[in-house]
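FYI, it's all coordinate maths here, none of it is from the lab. Not measured: the values here are computed from a predicted model. Every residue, glycine as well, gets a Cβ built from its backbone with ideal geometry; the counts of neighbours run over all protein chains shown.
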Amino acid sequence: MSDASEPVDRTLENLVGDWLPVPDLAEALGLPLKATRQLIDDRQVLAHRVGERLVIAVPAAFVQDGAVLPTLPGTITVLRDAGLTKEESLTWLFTPDDTLPIDGSPVDMLRAGRRAEVRKRAQELAF
């Protein structure tokens, strides 16, 4: 935990926008808390500490139709293999990119079912 006098950087928190604290994620996925925490531990989803109380939360965009985006775990692996940290991966996934074939960010592409382009670009980050 940081010293109270240190400012907390909210850049990533603001970039992502909507976050689900672990209990809310568990409810959205219909899973017990233990299984939901395991998803985070296994890096099937990426979590970050947000809010005044710095609670562990996952971007709401990672959930679609009551499940984790099916293309997300593999994409997280590609980003990790490219050498990105958890925070760098979240930033990359949520940063708008006007060179994408659809408006938005890489996570918007994943939500639209367009994983090939996202993973290709993620692999290029390693070079």
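Kindly provide the set of residues from the stretch 78-96 that are more than 19 Å from Ala57 (Cβ to Cβ) and without any contact (Cβ under 8 Å) to a residue 24 or more places away in the chain, ordered by number.
Passing the criteria: only Pro96.
For the stretch 20-127, give me every one of the helices (runs of 4 or more DSSP H) that falls completely inside it and has 1 or more residues that are of a type outside the set (Ser, Thr, Tyr) and surrounded by fewer than 14 Cβ atoms within 10 Å (Cβ to Cβ). Step through it out loud before you land on a result.
Working: elements: 22-29, 33-41, 72-81, 86-94, 106-111, 115-124.
Correct list: 22-29, 33-41, 72-81, 86-94, 115-124.
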